[in-house]
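Have a look at the structure below before the remarks.
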Amino acid sequence: MIPKSSYPSDQKILRVVSINVNGLRSSVTKGLLEWLEQSEADVICMQESRITHAQWTEKFRPEGWYTHLFPAERPGYAGTAIYSRLPFLSVQDGLGFELADSQGRFISAEFDLGLGKSAHICSLYLPSGSSGDEAQARKDHFLAEYTNVLKQWRDEDKSVIVCGDYNIVHKRIDIKNWSGNQKASGCLPHERAWLDHIYDDLGYVDTFREVRKDAEVYSWWSNRGQARAKNVGWRIDYHACSPDWKERTLNAWVYKETWFSDHAPVIIDYKI
């Protein structure tokens, strides 16, 4: 991750971060808020916040940030949050279907970035299907419902950056153990085909891959079997953007110098 000062002085940079915090309270004890202060990030999209409004005290809302939390109805579970240096024009919770909305799985924050129309930066936490057939069926239902929303946004020519834990790898380059996971949730053929559909058919852009073509760059590692030490990882955290962000993508990183979670922050710089 390079400092913003390394760009030309007349170049405005929007630095957007996505991180599954695996419990905001836990990640804060590991230095997340201190890192945010020195990251030069403009917008941070968090997933799996696992904190209620009552628990979300000032300790978790540092000065100088606009913050919004969308918790799950069930305490200690799922939830999303957005922290921003930029003021929100508006914030919308949910996607309009029960599985997303009851579990706090989506926030959209609207910003005026001086681009002619407002931009919507979103935090998305897609369900995991790894606990069994019922969980996978819920995940597949979410994908079907969410596809309709994505189509609508493209019909509206909406400018969006949807950051989040998608719980799906896209291609062989995005997972260390490709062959061994073909029957595992998150690497199932129909899940990867869903990502093909949103990128190839609907026109969304995996902006990380626009500037980072290298292999073995992952964003999540199992806590088992020294997966992190051996870099046996999965790239399941994305910025999926409307096409207007493709040419604006400058740089992308996965930050691994400090660990706040079993996921690492995915950081992308966009020119605005």
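All of the numbers you see were taken from the coordinates with simple rules; none came from a lab. Quick caveat: nothing in here was measured; it's all calculated off a predicted structure. Note that each Cβ is placed from the backbone with ideal geometry, even for glycine, and that neighbours are counted across all protein chains shown.
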*Can you give the helix-only mean residue ellipticity at 222 nm for the chain, where every DSSP H stretch with n ≥ 4 adds -39500 (n - 2.57) and the sum goes over all residues, rounded to the nearest 500 deg cm²/dmol?*
-5500 deg cm²/dmol
_Where only C-alpha atoms are counted, convex hull volume of the chain per residue in Å³_ = 129 Å³
_Values of log10 I(q)/I(0), in the order q = 0.26 Å⁻¹, for region 184-272 under a Debye, Cα-only, solvent-free model_ = -1.33
*DSSP loop (so not H, G, I, E, B), at most 11 other Cβ within 10 Å: list which trypsin sites (Lys or Arg not before Pro) in region 225-256 pass both filters.*
Lys230
*For the chain, what is the relative contact order in percent, using Cα pairs closer than 8 Å and at least 6 residues apart in sequence?*
20 percent
*Show the residues, 5+ positions off or on another chain, whose built amide H is closer than 5 Å to the amide H of Ser159.*
His120
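State to the nearest 20 debye the size of the charge dipole of the chain about its Cα centre, where the only charges are +1 on K and R beta carbons and -1 on D and E beta carbons. Write down the numbers at each step before the final one.
Details: 33 positive and 37 negative charges, 171 e Å.
Once rounded to the nearest 20, the dipole reads 820 debye.
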*What Cys residues in the chain have no fellow cysteine's beta-carbon under 4.7 angstrom?*
Cys122, Cys187, Cys241
_Averaging over every viewing direction, what projected area does the convex hull of the Cα atoms of region 1-135 cover, in nm²?_
9.8 nm²
_For a bin width of 10 Å, list the pair-distance distribution of region 67-108 built from all Cα-Cα distances, rounded to whole %._
32, 50, 18, 0
*Of the listed pairs Lys230/Lys256; Lys176/Lys256; Lys30/Lys213; Lys117/Lys246, which have alpha-carbon separations greater than 19 Å here?*
Lys30/Lys213
